[in-house]
Amino acid sequence: MREIAWLQVSDFHMRQCDEWSQNVVLRAMVDSVRQQCRQGLVLDFMLATGDLAFSGKKEEYEFVERFFDKLISASGVPKERIFCVPGNHDVDRNRQKLCFHGARSTLTSPTAVDPILAADSDDLTTLSQRQEEYQNFQNLFFSGQERIATPDRLAYTSSLMIEDIVIAIVGLNSAWLADGGNGDHGNLLIGERQIINALDAVDNMNAHIVIGMAHHPLHILRDFDRLAVTKRINDCCHFYHYGHLHQPEAHGSGFDASACLFVAVGASFETRQSHNAYSLVKLDLLAGTRTITTVQYNPGRSEFVFGNEESFPIRLTPASSCTVDELADAIVEFDKTLAPHSYYLAALLLEQKAEVPIPKQCGHIFGAIAALQSTSNAEYRYKVEAFLYFRNVLTILYGQSTLKSLLNQYGKAIKDYGTDLLVRCKSDTALSDRLAQQDMDIRTLSSTRPTISFTADLLFDLVQSQEWDILAAQARRHLESQDTATQIYARRMLAFALAHSTEERDRDKAIREYETLIHDGQAAPEDHSSLATLLLGLGRYNEAQTVVLDAIATIPLDSLKNLYDIGQVIVGQTGDRGFRKNLETAIAERMDHE
């Protein structure tokens, strides 16, 4: 699975009076792109995020066409893979003035905007004449491009297949109510209806990666539109590319690697003296990284030089997943020598185990993957990281190819890490015993895994929607199930629902349900945590302390951190130094025992 790369250019502002200066700057850009491609860069597609012309006039797009022709020659990216959206400079502001001012004054709510964006809207047809020359340019110059237009004809979607990866491009029109200048700030609209229609088309593409693009940053939309559009882009897109600011920047939405990355590019041409820019984006799904490189123009040298480079994580949500048994069996079929640790390796890849052996001066200890940074054994750290990259292979390609095929193609890192563990076990019997026990534990858990299916899915959906009363009622219905695993799961969900009640008697019942699960040996690690959290919220600190200390001695090692964190909250709320000492001692004793 190779790296995917694309170019983002924006804000050319093409017009005849700037032709000489534009040629100087944009020729340097073309030379920069050509040089990188000669050095091995493979560009898969290109995004142009608006303001291609200066004032939306027909003759200005002739300059745009000539520039794109040169960029196509230098980059090797065909016309069909260049995706454009209009900016405020792609609007002919001398047309439909009355219609524009009327729309600006009346489109002040979603209720007012929705009819305008209907497929048969005469008002939108009239208003869109301000972008007529841009639309003519797009339709003629990119006539071979497969695009699905939204019913309002403002947005479009397109898809690309790059090796096994499907990429959906969502081109949004943020300039249909633009006039340019400060007056646009807080007055622009994309329209939730526009983006809903575009994303509906994406749903049929089975895309791995969704890239949204428009000319404007979302913060300058009208407030009601900004909130709605931002949420949909955050929920559905992995990237949102835009221009307009003439200042390059990239930032994620929160700290989640699965969240949208917002990418602004600088102006490709502002003036001959400006630090004009373009951006190079590289997506490495195997390594789980998104890298944005800004290439800026140096006016003194009349050339584009590399500037800032930023890297952001990316994590895709798997469409489906295999079981530990299936992956462990496939690992053994791939390499029989890995059989002693196949379940442990499979559990690590499926994130059902979170700790790996970490080499120390004498022997090994088990620790979180992040703790690998503390080891001086760079070769071992690299093997673990390369091994874990297979998680991304499973996320992207499981279901498209068999596990056997995926291991044959991408499994070398699994073989290397598994072989390394076997060698270490020969010289460290404690590690050998520990890994053997871990493998046996996973085999045992896997063989006794409850098959709850529909009931579990139903209750889980109610948890997700926070329908606590309905969850409690549904859980009670399954307490007398003939299937023991379903009974236990229903009791756990009943306790969870009651714990969220505002009634004191319900929360007391939740405590009793959790205590019964623990007493009967049926509690999962999260039951101990939920009970301690509930007691903590009720101010029953001594009982919460007892639950935490008792659980530390019994729950799986992977779950200790969550319980330890709850213990620290108790310390913070009570100031109980004695409990803090007991907590640290309990954790230390458990680690020594392990």
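Which of the residues spanning the stretch 407-436 are of a type outside the set (A, V, I, L, M) and in contact with a Lys or Arg (Cβ under 7 Å, 6 or more places away or on another chain)? Asp416, Tyr417, Asp420, listed by residue number.
Does Val305 satisfy the condition of being surrounded by 15 or more Cβ atoms within 10 Å (Cβ to Cβ) and at negative phi? Judged against the criteria, Val305 is not a match.
Can you go through Gly266, Gly252 and tell me which one is surrounded by fewer than 19 Cβ atoms within 10 Å (Cβ to Cβ) and either assigned by TED's automatic domain parsing to the domain that holds Gly191 or at pLDDT 95 or above (or both)? Let's see the steps before the verdict.
Details: Gly266 fails: surrounded by fewer than 19 Cβ atoms within 10 Å (Cβ to Cβ).
Matching residue, one of Gly266, Gly252: Gly252.
For the stretch 26-51, a residue qualifies if it is exposed (fewer than 15 other Cβ atoms within 10 Å of the Cβ) and in a loop (DSSP other than H, G, I, E, B), and the qualifying residues are Gln39, Gly40, Val42. With respect to the conditions (1) assigned to a strand (DSSP E or B); (2) within 17 Å of Glu270 (Cα to Cα), Asn23 falls short on a single one, namely (1).
Within the stretch 476-491, the set of residues being within 16 Å of Asp527 (Cα to Cα) and either among the small types (Gly, Ala, Ser) or not assigned by TED's automatic domain parsing to the domain that holds Asp506 (or both) comprises Ala485, Ala490. Do the conditions hold for Ser73, that is, is it closer than 24 Å to Gly144 by Cβ, modelled with pLDDT of 95 or more and surrounded by fewer than 21 Cβ atoms within 10 Å (Cβ to Cβ)? Taking the combined requirement at face value, the residue satisfies it.
If a residue counts only when it is surrounded by fewer than 18 Cβ atoms within 10 Å (Cβ to Cβ), of a type in the set (D, E, K, R) and not assigned by TED's automatic domain parsing to the domain that holds Phe334, which helices (runs of 4 or more DSSP H) contained entirely in the stretch 364-434 have at least 2 such residues?
none
Here Asn298 clears all of (1) at pLDDT below 90; (2) surrounded by fewer than 16 Cβ atoms within 10 Å (Cβ to Cβ) except the condition numbered (1).
The values are calculated or read from the model by the stated rules, or taken from the named source; none is laboratory data. Source: prediction; values computed, not measured. With ideal geometry, Cβ positions are generated from the backbone for all residues, glycine too; neighbour counts draw on all protein chains shown.
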